[in-house]
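Engineer: Let me give you the structure first, and then I'll get to my questions.
The values are calculated or read from the model by the stated rules, or taken from the named source; none is laboratory data. Computed from a predicted structure; not experimentally measured. Here Cβ is always computed from backbone atoms with ideal geometry, including for glycine, and neighbour counts include all displayed protein chains. For the accessible areas, the whole protein counts, side chains as well, though only heavy atoms, and no ligand, DNA or RNA atoms are used. Shrake-Rupley method; radii C 1.70, N 1.55, O 1.52, S 1.80 Å.
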Amino acid sequence: MREPTMLHRLAAEFIGTFWLVLGGCGSAVFAAKFASADGVSLGIGFLGVSLAFGLTVLTGVYAFGTISGGHFNPAVTLGAALARRVEWKALPAYWVTQVIGGVVAGAVIYIIAKGQEGWTATGNMAANGFGEHSPGGYSLAAVLIAEVVLTGIFLLVILGSTDDRAPKGFAGLSIGLTLTLIHLISIPISNTSVNPARSTAVAFFNGDGAPVQLWAFWLAPLVGAAIAGIAYPFLFGRNEELADRPVRDDALDDSAAR
């Protein structure tokens, strides 16, 4: 079977990142808090939003992992490149495509949400933040530590789940559940990024300090991913996959996320 072309891979990354932002951030915007006409809460809350993010990655990995690797996240692409799971020359195109896919999803969320009378985007687009913009009022230092550590763990799970030595067919499940757990831990801390494309996707629609704080949600996830990408081969041995070898059709290499 023919290997996917770069166009095919970028199309998969665009759709996968679009789906991650639409499903994850969309659930936070539309469904996290919702009351019936008699005031009964029907919202899905933190648990529901966490599951939504996990499910978008789980389904995206199984749908597109064999085409592009199923990254949907600049941090994952960086970690995969450092671990020699994807060629370095693909990184700029992946990053640009992931950001565009996320921003398009952010625009769709914005357009739909504006259909509700009285709704305003300011502070209501599931943006990430620290300090006064953190859901729980956590400091910049706390947010940076959480994002670095959680992104690093996320990458270790991704690299381990897609290792040639791992059981086949379960990568999407382990990656999706890991992202769910990450959100359960850190929504109160930073609204959970671990994904610069997800953060960028809604920051400028949200306003309210999110664009100014966006640097933290690029820096911390990239640092965490870089540490994991460098550490994995030394901790567990190097996968036989070479960086300049195209993604195989029969493996979910470098799958991920948020």
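Engineer: Given the Cα-Cα distance of Thr59 and Leu177 and 0.36 nm per residue of separation, how much length would full extension add, in nm?
Structural biologist: Fully extending the segment from Thr59 to Leu177 adds 41.3 nm.
Engineer: Here is a further query. Of the options Ser50, Val148, Leu10, report the single residue whose Cα projects farthest towards the positive end of the charge dipole of the stretch 1-159 (beta-carbon charges: Lys, Arg +1; Asp, Glu -1).
Structural biologist: Ranked along the dipole, the leading option is Leu10.
Engineer: Across bins of 5 angstrom width beginning at 0, how are the C-alpha pair distances of the chain distributed, in whole percent?
Structural biologist: 1, 7, 14, 19, 20, 15, 10, 6, 3, 1, 1, 0
Engineer: If I stretch the segment between Ala35 and Leu235 completely, what's the gain in nm (0.36 nm per residue apart, minus their alpha carbon distance), one decimal? Display every interim value, and only then the final one.
Structural biologist: Values: separation 200, 0.36 × 200 = 72.00 nm, distance 4.88 nm.
My answer for the length gained is 67.1 nm.
Engineer: Enter the accessible area per residue of the chain (Å², integer; probe 1.4 Å; all protein chains in place).
Structural biologist: Per residue, the chain has 42 Å² of solvent-accessible surface.
Engineer: Here is a further query. Find the Rg to Rh ratio for the stretch 1-98, where Rh is the Kirkwood radius over alpha-carbon pairs and Rg uses the same atoms. List each step's numbers first, then the result.
Structural biologist: Working: Rg = 16.6 Å, Rh = 14.7 Å.
So for the stretch 1-98, dividing Rg by the Kirkwood Rh gives 1.13.
Engineer: A follow-up question, please. Can you list the lysines whose alpha carbon sits under 18 Å from that of Lys33, skipping same-chain ones fewer than 8 residues off?
Structural biologist: Lys114
Engineer: Shifting gears a bit: On the protein heavy atoms, probe 1.4 angstrom, tell me the percent of accessible surface of the chain carried by carbon and sulfur.
Structural biologist: 71
Engineer: Let me ask something else. Net charge near Ile230: determine it from the other residues with C-beta under 13 Å of the C-beta of Ile230, scoring Lys and Arg +1 and Asp and Glu -1.
Structural biologist: Net of charged neighbours comes to +3.
Engineer: Give the Cα extents of the stretch 132-192 along the principal axes, in whole Å, largest first.
Structural biologist: Principal axes ranked by extent give 44, 16, 11 Å for the Cα atoms.
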